[in-house]
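This report refers to the structure that appears directly beneath it.
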Amino acid sequence: MNLLGLHHITAMASDPRANFDFYTRVLGLRFIKKSVNQDDPGTYHLYYGDYAGSPGTAITFFPWPGLRRGRPGTGQAYATAFSIPAGSLAFWQERLVKLGIATEPVTTRFGDQVLTAFDPDGLRLELVATHEPDLRPPAPSKDVPAAHGIRGFHSSTLGLVNAQATATVLTKVMGYRLAAEDGPRARYTISAGGPGTYVDLLTDPSLPRGLNGAGTIHHVAFRTPTDASQSQAHTEIAKTGLHISPIIDRAYFKSIYYREPAGVLFEIATDQPGFAIDEPIESLGTKLGLPPHLEPHRAEIEAALPALTITP
Ligand code: ZN
């Protein structure tokens, strides 16, 4: 199967304004797309990433105002990690404390320092000050100097009671390989490896069972280069007996969805066509993006969405 690493990670949130302020102003990501949840067009789908929303950088949200908080735990993508430069941990620690963001004490993981912080809905985020080279440029930001900016995803950590069946799907079906192991954490990588490819399986039966809601991950999407490689992945997954969705056109990429054996929803998304398909790259995120089948309903959809005025 031709997969290249993480594509995007989608979570649930409550207030869209608080979500927007945190990811753009606190983390310094670029707001790259204001769209709607295609399965629930009365709800936003908000995307944040690097300048172009390159695959491997985009964290996305379905914000339902008033949504009750979920509970992070097993059967979920438990933590979402971003890559920052090795020397940037002190900058982020100081910045997050100054802004009143909840954090946990710094830990060390596979030789890298990891700072855990929580978004306004309690989503568990990690900043990994990685010693590995990561040449991806950060999003331009007036709040975060480029030297310290987030480079994109580092890894997704799945919380599991038992990692075996998940590891089998990663390695035997998806083409991932074991990169490192430390106690309950096993790190898998694919393709060229490095930050942006990692999936960590954390075996911790003492974690509560995860419950969906605000502040939890909805799904983890993996990159595949082309429509043809996606179609091939679809065939290979279907052959294993895992239930898989048809190929769905999400306008900015095409998607297929399946649940790995521990219950985490996986997606395989194409690198193309990307977020500049319906607005110029210089002004990404300023216009409500709708897939062609929802375009005829633009006026009703815009009227039903909560106000979200974007100030660049
Ligand atoms: Zn997705």
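The values are calculated or read from the model by the stated rules, or taken from the named source; none is laboratory data. Note that the coordinates shown come from a computational prediction; the quantities given were computed from them, not determined experimentally. FYI the Cβ positions are ideal-geometry reconstructions off the backbone, even for glycines, and counts take in every protein chain you see. When the accessible area is computed, the model is the full protein with side chains, heavy atoms only, and any ligands, DNA or RNA have been set aside. Shrake-Rupley method; radii C 1.70, N 1.55, O 1.52, S 1.80 Å.
A few notes on this one:
- Members of the stretch 223-235 found to be of a type outside the set (Asp, Glu) and open to solvent by 20 Å² or more (accessible area, probe 1.4 Å), listed by number: Arg223, Pro225, Thr226, Ala228, Ser231, Gln232, His234, Thr235
- In the stretch 96-111, the residues that are in contact (Cβ under 8 Å) with a residue 60 or more places away in the chain and of a type outside the set (Phe, Trp, Tyr): Leu96, Leu99, Ile101, Arg109
- Filtered residues of the stretch 253-272 (kept if touching a helix residue (DSSP H, G or I) at 6+ places or on another chain (Cβ under 7 Å) and either among the acidic types (Asp, Glu) or modelled with pLDDT under 95 (or both)): Glu260
- Meets criteria (buried (at least 18 other Cβ atoms within 10 Å of the Cβ), modelled with pLDDT under 95 and in contact with a helix residue (DSSP H, G or I) (Cβ under 8 Å, 6 or more places away or on another chain)) for Pro120: no
- Within the stretch 259-279, being surrounded by fewer than 21 Cβ atoms within 10 Å (Cβ to Cβ), of a type outside the set (Gly, Ala, Ser) and more than 10 Å from the ligand (Cβ to nearest atom) holds for Arg259, Pro261, Asp271, Gln272, Pro273, Ile277, Asp278, Glu279.
- Residue-level analysis places Ala299 among those that are surrounded by fewer than 19 Cβ atoms within 10 Å (Cβ to Cβ) and over 30 Å from Leu211 (Cβ atoms).
- The listed residues are Pro55, Pro105, Pro85, and the only one of them that is surrounded by fewer than 21 Cβ atoms within 10 Å (Cβ to Cβ) and within 30 Å of Glu282 (Cα to Cα) turns out to be Pro85.
- From Ser35, Ser83, residue being closer than 28 Å to Thr203 by Cβ and not in a loop (DSSP other than H, G, I, E, B): Ser83
- Candidate set: the stretch 197-222, residues that are within 16 Å of the ligand (Cβ to nearest atom) and open to solvent by less than 20 Å² (accessible area, probe 1.4 Å); chosen: the one nearest to Pro65 (Cα to Cα): Thr216
- Only one of the numbered conditions (1) of a type in the set (Lys, Arg); (2) surrounded by 12 or more Cβ atoms within 10 Å (Cβ to Cβ); (3) more than 22 Å from Leu284 (Cβ to Cβ) is not met by Lys98, and that is (2).
- Candidate set: the stretch 232-258, residues that are aromatic (Phe, Trp, Tyr) and assigned to a loop (DSSP other than H, G, I, E, B); chosen: the one farthest from the ligand (Cβ to nearest atom): Tyr252
- Condition check for Ala238: of a type outside the set (Ser, Thr, Tyr), farther than 24 Å from Leu67 by Cα and either surrounded by 18 or more Cβ atoms within 10 Å (Cβ to Cβ) or at pLDDT 95 or above (or both): yes
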